[in-house]
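Undergrad: One structure follows; several queries about it will come next.
The values are calculated or read from the model by the stated rules, or taken from the named source; none is laboratory data. Small disclaimer: the values here were computed from a predicted structure and weren't measured. For neighbour counting, all protein chains shown are included, and Cβ atoms are generated from backbone atoms with ideal geometry for every residue, glycine included.
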Amino acid sequence: MPDSNKNQALANIKERFALEVSDDYIKKALGKRWRDNKSTLKKQYFKKDISLEEKLRNVPPRMLRYQWEDAVRFWNSKKGEDRERVGTSSRQKQKITHTAGSRSFSPAAPPVFNGEGYHIWVVNMKTYLQVFDLWEVVNSDAKSAHLRANRTVAQIRQHTDERTKRHKAMSYIQNCVSDVIFTRIMDCETPKQA
């Protein structure tokens, strides 16, 4: 699809919707939908066993004739057939079906501790904090050292990271207990105390 068409489609979307995502994300999503649409059209309307003229006349509803003719001529060309052959071959060689797509891993929230089953909750909580690389912060009771006057950028960054991890761990713990338990730990200053 030419850039002018992509830009026009992007302008149409921005005109109708208030989206809080980047233009690149919208273009990428449009490209995916366009490829999916072409694939569906090819499966439904492009019959290999009929003549080129018949293929050209078999225009799908809601598609402009010139767009269909361009697509059919490409699919019928040597380059189109080669691309189809490569795609088919690649799919056959694929050993693992990708089902997660581009979604990131998000662990399930641990159960809320309400005063019962502590031994189970603590194991769940340890695993949960390990996923976020926060267990060491809970396991050590040390507060981060004060920064010296002549500190380096790396020291400032490390100090900030340690403080942030401590606050995150504290937040996770506080959000995984009932209100009754929260009132008992709300004055704790470190995740280990909590």
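Undergrad: Can you find even one residue in segment 160-171 that is over 16 Å from SER140 (Cα atoms) and not β-branched (Val, Ile, Thr)? If you could, list the steps in order and put the result at the bottom.
TA: So the first thing to find is which residues in segment 160-171 are over 16 Å from SER140 (Cα atoms), and the list is 160, 171.
After this cut, where a residue has to be not β-branched (Val, Ile, Thr) as well, the list is 171.
Yes, that holds for at least one residue.
Residue by residue, here is whether (1) under 33 Å from the mean Cα position of the chain (by Cα); (2) modelled with pLDDT under 85 holds:
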residue: GLN8; (1), (2): yes, no
residue: ARG16; (1), (2): yes, no
residue: ASN37; (1), (2): yes, no
residue: SER51; (1), (2): no, no
residue: ASN58; (1), (2): no, no
residue: TRP75; (1), (2): yes, no
residue: GLY87; (1), (2): yes, yes
residue: LYS93; (1), (2): yes, yes
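Undergrad: Applying the selection to segment 17-68, what residues are more than 23 Å from ARG83 (Cβ to Cβ), of a type in the set (D, E, K, R) and not in a helix (DSSP H, G or I)?
TA: Residues satisfying the conditions are GLU20, ARG62.
Undergrad: Same structure again: Quick one: is LYS78 among the basic types (Lys, Arg) and surrounded by fewer than 10 Cβ atoms within 10 Å (Cβ to Cβ)?
TA: Against the criterion (among the basic types (Lys, Arg) and surrounded by fewer than 10 Cβ atoms within 10 Å (Cβ to Cβ)), LYS78 qualifies.
Undergrad: Being loosely packed, with under 10 Cβ neighbours inside 10 Å and among the hydroxyl-bearing types (Ser, Thr, Tyr), is that true of even one residue in segment 31-50?
TA: Checking segment 31-50: not a single residue is loosely packed, with under 10 Cβ neighbours inside 10 Å and among the hydroxyl-bearing types (Ser, Thr, Tyr).
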